[in-house]
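Asker: Supplied in structure tokens, the structure appears directly below.
The values are calculated or read from the model by the stated rules, or taken from the named source; none is laboratory data. Bear in mind that the values here come from a model prediction, so they are computed numbers and not experimental data. In case anyone asks, the SASA skips ligands and DNA or RNA and just uses the protein heavy atoms, side chains included. Shrake-Rupley method; radii C 1.70, N 1.55, O 1.52, S 1.80 Å.
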Amino acid sequence: MVVVACSPSPQRLTSTPEEWALEKQILRLEKRTSKNPTWYEPYLLRGQAHYTLGQYREALENFDMVMELKPQSVIGQYNRAMTYINMGEQIAA
């Protein structure tokens, strides 16, 4: 599985099909986390989807779960920091 970090300056998607695809991905990942709540990867991917949609609070909740489940995750730390920065909370980053 390839995991991609969040972009430092995400652009809000304007394409409805892209937004729809991300929302569908979020729903699929919610099913995965309900089946195996200790697996960190679905939280990471769901957080990235929320981040791309500009849903920073939801993204942060998922990245926090990544850090709880896998504290050594560098990508989780980076994505959480980028989310805080985009929320205007640089000190928390």
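Asker: Carbon and sulfur atoms: what percent of the 1.4 Å accessible area of the range 27-93 do they account for?
Answerer: C and S atoms contribute 52 percent here.
Asker: Sticking with this structure for a sec: Given a 1.4 angstrom probe, what's the average accessible area per residue across the range 16-64, in square angstrom?
Answerer: On the way: 2780 Å² over 49 residues.
Result: 57 Å² of accessible area for each residue.
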